[in-house]
Amino acid sequence: MDFSSKLVLHASCEKLLAVAAPLVLPTLIPLGGRTFEWGFEYDFLSQTPLEEGVLPLINEQMRRLVSESIPFETLSMVPQNAAAFLQKKQPHLAESCLHYPSNLVPLCKVRDFYDICPEELLATSREIRNFSIYELFILPDSCIRLRGCAFEDKKELKNYLKQIERAKAHDPVQIAQELDLITLCDEEVVWHPQ
């Protein structure tokens, strides 16, 4: 799979994640996502604490949405119209439309979810085959980040997830916590006395 095809797949997964996660946890409010060569992630405002145990539920909801063959629709609006439109649908995105660096703001629609979308997307969710939402990060200000990856080939997905697990096992921060050498407090490291 070439680089641009990967980005199209990941951008489509990113938007589908923004739809799937609030279906599992209705208190989540989508804030925005990113696409990378190796995967995708989406940030949400969370009014309740979350744990890693929610990831299988979100993966299952994503699989359901994939099977529904939901279309990824695209449209463009002038910034003022896009901001007014999103104020009703996704109010947290409305302000960013006014500062969009172009005369037209590219938007996408997935079910009743709208997002700013400069990337190309797949035609429907059915084209997404092998994916995993594998990581949840707790961010400041009641926000969370969900991270995932997607591949055309199931074997590639499994290999990538194995690499992630190996990397976690060698994470120096995690090892230091397990050895009771440090505590993370508001993203700061507090060393324990020897």
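Carbon and sulfur: what percent of the stretch 107-162's accessible surface (1.4 Å probe)?
It is 46 percent, rounded to a whole number.
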Checklist entry - Could you give me the ³J(HN,Hα) list for the stretch 35-41, computed from phi with Karplus coefficients 6.51, -1.76, 1.60 and θ = phi - 60°, whole Hz, x at Gly and Pro? => result 10, 10, 4, 8, x, 7, 8
Checklist entry - Given H placed on each backbone N at 1.01 Å, which residues far from VAL105 in sequence or on other chains put an amide H within less than 5 Å of it? => result MET77, VAL78
Checklist outcome for this item: Between CYS143 and residues 5 or more places away or on another chain, the pairs with built amide H atoms under 5 Å apart involve SER46
Checklist entry - For the Cα atoms of the chain, what angle does the longest principal axis make with the long axis of helix 3-24, in degrees from 0 to 90, nearest 10? => result 80 degrees
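Based on a Kirkwood Rh over C-alpha pairs, give the Stokes-Einstein translational diffusion coefficient of the stretch 130-178 at 10 °C and viscosity 1.306 mPa s in µm²/s.
On the way: Rh = 12.4 Å.
It diffuses with D of about 128 µm²/s by this estimate.
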Checklist entry - Could you give me the ³J(HN,Hα) list for the stretch 42-55, computed from phi with Karplus coefficients 6.51, -1.76, 1.60 and θ = phi - 60°, whole Hz, x at Gly and Pro? => result 9, 9, 9, 7, 10, 8, 9, x, 10, 10, 3, x, 7, 4
Item to check | Interchain or long-range residues, amide H under 5 Å from LEU31's placed H | outcome: ASP43, PHE44, LEU45
Checklist outcome for this item: Taking Cα atoms only, helix 154-169 is inclined relative to the longest principal axis of the chain by an angle, in degrees rounded to 10, of 40 degrees
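The values are calculated or read from the model by the stated rules, or taken from the named source; none is laboratory data. The shown structure was predicted, so the numbers you read here are calculated from the model rather than taken from an experiment. Ligands, DNA and RNA are stripped out before the accessible areas are found, and what is left, the full protein with its side chains, is counted by its heavy atoms. Shrake-Rupley method; radii C 1.70, N 1.55, O 1.52, S 1.80 Å.
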